[in-house]
1. Each residue of the stretch 418-426 in turn: what ³J(HN,Hα) in whole Hz from Karplus with 6.51, -1.76, 1.60 and θ = phi - 60°, glycine and Pro shown as x?
2. Applying the Karplus parametrisation 6.51 cos²θ - 1.76 cosθ + 1.60 with θ = phi - 60° to the phi angles of the stretch 327-341, what ³J(HN,Hα) value in whole Hz is obtained for each residue in order, glycine and proline being reported as x?
3. Output wanted: per-residue J couplings in Hz (rounded whole) for the stretch 119-128, from phi through Karplus 6.51 cos²θ - 1.76 cosθ + 1.60, θ = phi - 60°, x for Gly and Pro.
4. For the ranges 335-342, 245-252, 57-64, what's the packing order if you count other beta-carbon atoms within 10 Å of each residue, average per peptide, and put the highest first?
5. For a quick check: with amide H placed at 1.01 Å from N, whose amide H comes under 5 Å from Ala121's, ignoring anything fewer than 5 positions away on the same chain?
6. Sorted by packing (mean other beta-carbon atoms within 10 Å per residue), highest first, where do 207-217, 394-404 land?
7. Place +1 on the Cβ of every Lys and Arg and -1 on the Cβ of every Asp and Glu in the chain, take the dipole about the Cα centre, and give the residue among Leu189, Ile106, Ser365 whose Cα lies farthest towards its positive end.
8. Tell me what the chain gives for mean residue ellipticity at 222 nm when only DSSP H runs of n ≥ 4 count, each as -39,500 (n - 2.57), the sum divided by the residue total, rounded to 500 deg cm²/dmol.
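Read-outs: derived from the displayed coordinates by stated rules, not from any lab. Source: prediction; values computed, not measured. As a convention, Cβ positions derive from the backbone with ideal geometry for all residues, glycine included, and neighbour counts pool all protein chains shown.
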Amino acid sequence: MANPSNHTHARAPWRWPLHWQILTALALGITSGLAIPDGARLGPLDPIDAFGFLGDLFLRALKMVIVPLLAGSIVTGVAGLGDARTLGRLFGRTFAWYMGTSLLAILVGLLLVNLIQPGYADGVPVGETMGLQADVSQIDENLQGRGAGDLVAIVLRMIPTNPVAAAAEGDMLPLIVFCMLFGAAITMLPSELRNPQLRWWEGLFAIMMRITGWVIRFTPLGVFGLIARIAASSGVEAFAPLARFALTVVLALSFHSLITLPLLLRLVAKVSPARHARVMAPALMTAFTTRSSSATLPLTMECVEHGAGVSNRVTSFVLPLGATVNMDGTALYECVSALFIAQAYGIVLGPVEQFLVVVTALLASIGAAGIPSAGLVMISIILSTVGLPLEGVALILAVDPLLDMLRTCVNVLSDSCGAVAVAVREGETDLYPEIQE
Ligand code: ASP
C-alpha cells in the first residue's frame, strides 16, 4: 500500500515537511532570542515585543478555530456512529477498549506529572523563568468562579443552561456534552431529515479542518516568535523545565506502550505483544513521520488485516472509529500538559480539579482530529475548562512536534491492539498467519 506521505512529496517536492520547518524555527528562535543583547532595539521596536507579536498572532489563530472545530468533530463523530447501534456487541467491546485504555494512559500521566513535578524548579514555579506574565490572582479567581472545587458543581456544569452562551464563553465541557447529544439525536431522525443534517455538519467539519490546516502551516512562525521571546527575556535557564516536561511525557508514553498495552494484549487477547509489534512496524513508522493517525489509517488497516490476520468486519469498524476517537497518547499528553502549565503558574490543583482534568483530557482526546498538532489545539480546551490561562500553551509549543510524533505512534498502537483484542473476543482464531515461532 502506498505511503500517504509519498503522496505529499510527489505533489510538492519543493515543500519541506512541517516537522522539519518547526524544528528549524525552534533552533532559529532560540539562537535569535539568545543573541539579542539586553536592552537592544530594532528601530522603534523592542525585539521581545516583535517576537511576541508573531507568537500572539499564532495563538489567537489557534483560539479562533477551537469552538467550531470541536463542534464539527464531535457532532459528525457521534452522528456517524448511527449504524453502530445495530452492531451492538462489537460496539460495546470496542468502546470498552477505547475508554479503558485511554483512562489508563491518562492515569499514568497524572501519576508521573505529580511525582516528577516538571513545572517546579527547586520548589519554585517555572513560569516566571520562562517569561510567563499572567496574573495568578486572576487565575485563582477563575478557578473559584468556575466552582471547580466542588464535584457536584462539575456535574452540574456539564449541562449547559444555554449552549450558545457556553460556546461564546469558551466553556468547553457543557459544549462537548451538548454536541454529543446533538450528534446522537441526529442518528435517530428519519432519513430525509438526518441526511441533510449530517451533510451540513460534515461540511462544517471539513471547512474547519481546512482552516485548522492553514493555521497549522503557520506553526513554524508561531514557534519562532514564542520561543525567541522566551529565550530573549529569560536566557538558557528557561529550557531546563521544558526538557523535564518532555521527559515526563516520554516516560509516561513509554510506560503505556511498553507495559500497559502489551499486558492487556496478553491478558485480554492472549497474543504475543512482540508478534504484534512486528506486524505493526510499518504503520507505527508512518505515524511517527506523518504525525497523523488519520493519514496512517490505510497502513494501520493493512497491517492489522493482512499482518495480524484480523477479519475485515472487525478492522473496518474498529480502526476508522479508533483513528477518530481513540487517542491514548493524546489523552495522556493533554493531562500532563495541563498539570505542567498549572504547576508552572504556581497553581495547586486539588483532587477535584485534577479529576476535572482527567475527564476533560478523555473528552478532548475523543474530540481531537487525527491530524498533526490536533492535541495542541485541544489543550486550550482543558485550560479553559479548568480556568487556567490559555497563554500557558506557549510553554509547550516548542516541544510539541517531537512529542506529537511519539503520541501519534501510541494512538495508532492502541487502535491496532484494540482491533486484535476485539477480534479475539469475537471468536476469531488463526491470527498472525505469516509469523512462525
Ligand atoms: N497527531 C495526533 C494524531 O493524529 C493527534 C494529536 O495531535 O495528539 O493522532
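1. In residue order, the calculated couplings are x, 4, 5, 4, 5, 4, 5, 5, 7 Hz.
2. In residue order, the calculated couplings are 9, 4, x, 5, 4, 4, 5, 4, 5, 4, 5, 4, 6, 4, 5 Hz.
3. Working through the residues one at a time gives x, 10, 10, 6, x, 9, x, 7, x, 5 Hz.
4. 335-342, 245-252, 57-64
5. So Ala121 has HN proximity to Val126.
6. Top of the packing list down: 394-404, 207-217.
7. Leu189
8. -23500 deg cm²/dmol
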